[in-house]
Amino acid sequence: MAGPVGWLVIGYLGSLAVLLIAGFWTVDPLSGEVVQGFSLENFETLVNEPVYRDIVGRTVLIAALVTVTDALLAFPIAFYMAKVASRRGKAILVVAILVPLWSSYLVKVLSWRTMLSSEGVIDWVLKPFGLHGPGYGNTAVWLVMSYLWLPYMILPIYAGLERIPNSLISASEDLGASPFTTFRRVILPLAFPAVIAGSIFTFALTLGDYITPRLVSNNQFIGNVIFNNISNNLPLASALALVPIVVMVAYLMVARKLGAFEHI
Amino acid sequence: MRTQDAHPVRTAWLVVASLLAFMLLIAGCGSSSSNSSSGGEELTKLGKGEGEVNLISWAGYVEPEWTKPFEQKTGCKVNDKVAGTSDEMVSLMRTGQYDGVSASGNASARLVDGGDVAPVNVSLVPNYKTIFSDLKNQPYNTFDGTHYGIPHGRGANLLMWNTEDVKPAPTSWGVILNPKEAAKYKGKISAYDDPIYIADAAVYLKAHQPDLGIENPYELNEEQFEAAVNLLKEQRPYVGEYWSEAAKQIQAFAGGDSQVGTTWQYQYFELEGAGKPVAASPASQGFLPSEGATGWSDTWMISSEAKHPNCMYMWMNWIVSPQANAEVAEFFGEAPAQSLACEHTAEKDFCAKYHAENPAFWKRVYYWETPLADCGNGEEDCKDYNDWVQAWTSIKG
């Protein structure tokens, strides 16, 4: 126990602690050097400057949208894999979901960038119907992130559904429940922790990403502002880095309230 | 699990307690270690090459045409990392993993202040002697009389447009900075994604609102700064894309997502070479729109933690050697720093075209500088770089 705990405390939580402390430091306006001390200046800036509220709001909103989208897309796929597909079909689907994870993240985002451009394939397909693609912007970020993190949602849900014994479903049917009732009262409650587990991935990954927004939109997300400040105003970047942590902790508390961790 | 973890609460407290102890330890160490910025020692004698050199450069500065001969001659393998902005260069240099950087004026002062780069012993760089004298001893490469680098070349940022969509050919930055004109190209304007872009607005205002009294676009007082920032906020809704990677802008212009905007020679030549209908302010006007332009004068600097200092010195000497400097200047499209390079350019009148030997021309080009609170009037009333960064965040929204 001591080894892993030591590693966790020093290597992981320790660096988080340094990050936390740096958020209370300031930058000397004349020399640009970091002044170590205690000041709430950075947090005041984050609260008082409307632009930071907008950025945090935008990031959390997109993260939530991506999570919901992925959950809705992933559940049917995972259900098919776990309960319907033959053994061979299952294997093929697992591979199909894993393969995109093996290719470079940048290649995937840049492909989307090309597809979303005004002479890209999305516009070309929509043109005959008199429609336009979303172009670059928040919609593009939402699309690309939903695509990128989908496997991280499918796999936990698949694992969760796999663990539900088929006999429970049969029992529900034998007792006269309609398929919908079986889904709502038996499958969903049992699979819920898995959905939450997947949502932690999609939510956290979206909160932290800064390359996708930079490549398919003009909008700043939390990660972009951290990146812009890191060489020049490390304390402000640190303070900002605490925002996703706080949001994540709040999210986990809500998930716990909803009973997501009861069966772990 | 439950039987193993008999005392989950106790374990949790233990973790919290050790965390607190660790935080105190860090805080204690932190306050005792001063952020001294001794910039390392300068090399006194050139030794044997270390076999490789790790560089950070602007796109187009480190290309096989002139790195291959360098590698053959010195045995120093060149590893290059291209950076898109000066901020990126500063953060990369602070990792201590690189030997040198082609720093512009808005990075060099910060690198020297932060102790990230070491003084350069110019007597170990024989080609330094014949570098244009108006590039030597400048505030962005020489600090308190100490040389911190070898001038590489200089140029102006360009106004580029798509000749099919933008008519007539613009002669002023107003096409993207005057809200009335910019509205015509809504969503098709391309702007540089860096706080230093605020200076482009200041150059425009210097010409069009003389009552603001802007002298140097990097030394802006409260009122001047606010005017420049507001101009960019007005421009914001018309901007299709802010770019910081050259490749990103090339793709946007090639695909029709951007039609007019600020660029570097590198992107312009790449697009022109690919047969795209782009144009930039003509050479007859010195590549400058009527207001003049922001620009850069770059300096190769050596890291204070360089692991391959000998190779880095050889590189600094190589990149300003007449042949290599001519090649990089022509490839990128900038004025060479090496006076002897003008005899080696493939295009015979290249140096004349780029005004390499004409100090008067460069008066209308405002080289990137690091904005400081002290603008020389002893009042510390100018906006410093941190203000620029914060303003840039609020401009982009």
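Is the shape of region B:43-154 best called rounded, prolate or oblate, per the rule: a/c under 1.5 gives rounded, else a/b larger than b/c gives prolate, else oblate, with a ≥ b ≥ c the square roots of the Cα gyration tensor eigenvalues?
Here region B:43-154 falls in the rounded category.
With viscosity 1.567 mPa s and temperature 4 °C, the Kirkwood radius over alpha carbon pairs of region B:255-339 converts through Stokes-Einstein to a diffusion coefficient of 83 µm²/s.
Label-to-label distance, B:Asn221 versus A:Val246, with points set 7 angstrom from Cα along the beta-carbon direction: 3.8 nm. When the surface is traced with a 1.4 Å probe over the full set of protein chains, A:Phe75 keeps roughly 30 Å² accessible. Springs join every pair of Cα atoms under 10 Å in this Gaussian network model of chain A, and among A:Asp54, A:Asp209, A:Asp70 the largest mean-square fluctuation is at A:Asp54. Relative to the current alpha-carbon distance between A:Val107 and A:Arg184, full extension at 0.36 nm per residue lengthens the span by 23.8 nm. Only Cα sites of region A:218-264 enter the Debye sum here, all with the same form factor; the resulting log10 I(q)/I(0) across q = 0.13, 0.14, 0.15, 0.25 1/Å is -0.44, -0.48, -0.52, -0.83, listed in q order. When all alpha carbon pairs of the protein assembly as shown are counted in 10 Å bins from zero, the resulting P(r) reads 3, 13, 21, 23, 19, 11, 6, 2, 1, 0 %.
Figure legend: label point modelled 7 angstrom from the Cα of B:Glu379 along Cα→Cβ; residues of region B:204-226 with amide N under 15 Å from it are B:212-216, B:219-226.
Its DSSP H runs of at least 4 residues, each contributing -39,500 (n - 2.57), put the calculated 222 nm mean residue ellipticity of chain B at -10500 deg cm²/dmol, to the nearest 500.
The radius of gyration of the Cα set in region A:1-122, together with its Dmax, comes out at 22.9, 68 angstrom. Residues A:Leu40, A:Leu16, ordered by accessible area of protein heavy atoms at a 1.4 angstrom probe radius and largest first, appear as A:Leu40, A:Leu16. Within the assembled protein chains, the solvent-accessible surface assigned to B:Ser339 is about 40 Å², based on a 1.4 Å probe.
Scan chain A and note any complete DSSP helix (H) whose C-alpha atoms cover at least 15 Å along its axis and whose Kyte-Doolittle average is -1.0 or more. Mind showing how you got there, number by number?
Values: long enough: A:50-79 (43 Å, 1.38); A:87-102 (23 Å, 1.30); A:105-116 (17 Å, 0.80); A:138-162 (35 Å, 1.04); A:188-208 (29 Å, 1.80); A:234-257 (35 Å, 1.82).
Membrane-span-like by this criterion, though nothing is claimed about a membrane: A:50-79, A:87-102, A:105-116, A:138-162, A:188-208, A:234-257.
Let me know the shape class of region A:150-264, please: from the alpha-carbon gyration tensor, a ≥ b ≥ c as square roots of the eigenvalues, rounded when a/c is under 1.5, otherwise prolate if a/b is greater than b/c, or oblate. It comes out prolate by the Cα gyration axes.
Across all Cα atoms of chain B, the radius of gyration (one decimal) and Dmax (whole number) stand at 23.6, 84 Å. With a threshold of 20 Å on the Cα-Cα distance, the over-threshold entries among B:Lys167/B:Lys188; B:Lys45/B:Lys136; B:Lys48/B:Lys77 are B:Lys45/B:Lys136. Taken over region B:205-353, the ratio of Cα radius of gyration to 2.2 N^0.38 Å equals 1.29.
In this simple spin-label model, placing a label point 7 Å from the Cα along the Cα-to-Cβ direction at both B:Asn178 and B:Asn79 gives a separation of 5.1 nm. Rolling a 1.4 angstrom probe over region A:1-104 with all protein chains present gives an accessible area of which 72% lies on carbon and sulfur atoms.
With the alpha-carbon atoms of region B:329-397 aligned to their principal axes, the span from lowest to highest coordinate is 46, 33, 17 Å, starting with the largest. The GluC sites (Glu not before Pro) of region A:91-196 that meet both conditions, a loop assignment by DSSP and at most 13 other Cβ atoms within 10 Å of the site Cβ, are A:Glu119.
A 18 angstrom limit on the alpha carbon distance is what I want to check against. Which of B:Lys81/B:Lys276; B:Lys81/B:Lys248; B:Lys248/B:Lys276; B:Lys180/B:Lys248; B:Lys184/B:Lys396 exceed it? Before the final figure, lay out the partial values.
On the way: B:Lys81/B:Lys276 27 Å; B:Lys81/B:Lys248 16 Å; B:Lys248/B:Lys276 15 Å; B:Lys180/B:Lys248 27 Å; B:Lys184/B:Lys396 20 Å.
From B:Lys81/B:Lys276; B:Lys81/B:Lys248; B:Lys248/B:Lys276; B:Lys180/B:Lys248; B:Lys184/B:Lys396, over 18 Å: B:Lys81/B:Lys276; B:Lys180/B:Lys248; B:Lys184/B:Lys396.
Under a 10 Å cutoff between Cα atoms, tell me which one of A:Arg184, A:Arg53, A:Arg214 has the largest fluctuation in the Gaussian network model of chain A. Largest GNM mean-square fluctuation: A:Arg184.
Around the Cα centre of chain A, unit charges on the Cβ atoms of Lys, Arg, Asp and Glu (plus for the first two, minus for the last two) sum to a dipole of about 980 debye. Amide hydrogen proximity for A:Thr26: with H placed 1.01 Å from N in the peptide plane, the residues at 5 or more positions away or on another chain lying under 5 Å are A:Val35, A:Gly37. When the Gaussian network model of chain A links Cα atoms closer than 10 Å, the mean-square fluctuations of A:Leu188, A:Leu13, A:Leu234 top out at A:Leu13.
Once you have a ≥ b ≥ c as the square roots of the Cα gyration tensor eigenvalues for region B:102-207, tell me rounded if a/c is under 1.5, and otherwise prolate or oblate according to whether a/b is larger than b/c. Prolate, because a/c is 1.5 or more and a/b exceeds b/c. Can you return the aspartates and glutamates within cross-link range of B:Lys353? Criterion is Cα-Cα under 20 Å, with same-chain partners fewer than 8 residues away left out. Filter leaves B:Asp134, B:Glu270, B:Glu272, B:Glu291, B:Asp298, B:Glu327, B:Glu330, B:Glu334, B:Glu343. Surface calculation, 1.4 Å probe, protein heavy atoms: B:Thr130 sits at approximately 50 Å² accessible.
Within chain A, the ratio Rg/Rh, alpha carbon atoms throughout and Rh by Kirkwood, equals 1.04. Based on Cα atoms of region A:127-213, Rg over Rh with Rh as the Kirkwood radius reads 1.18. Each of B:Ala169 and B:Asn137 was given a label point 7 Å from its Cα along the Cα-to-Cβ line. The distance between the two points is 4.0 nm.
The values are calculated or read from the model by the stated rules, or taken from the named source; none is laboratory data. Here the structure is a predicted model, which is why all the values come from computation and not from measurement. Here Cβ is always computed from backbone atoms with ideal geometry, including for glycine, and neighbour counts include all displayed protein chains. Just so you know, the surface numbers come from the protein's heavy atoms only, side chains and all, with ligands and any DNA or RNA stripped out. Shrake-Rupley method; radii C 1.70, N 1.55, O 1.52, S 1.80 Å.
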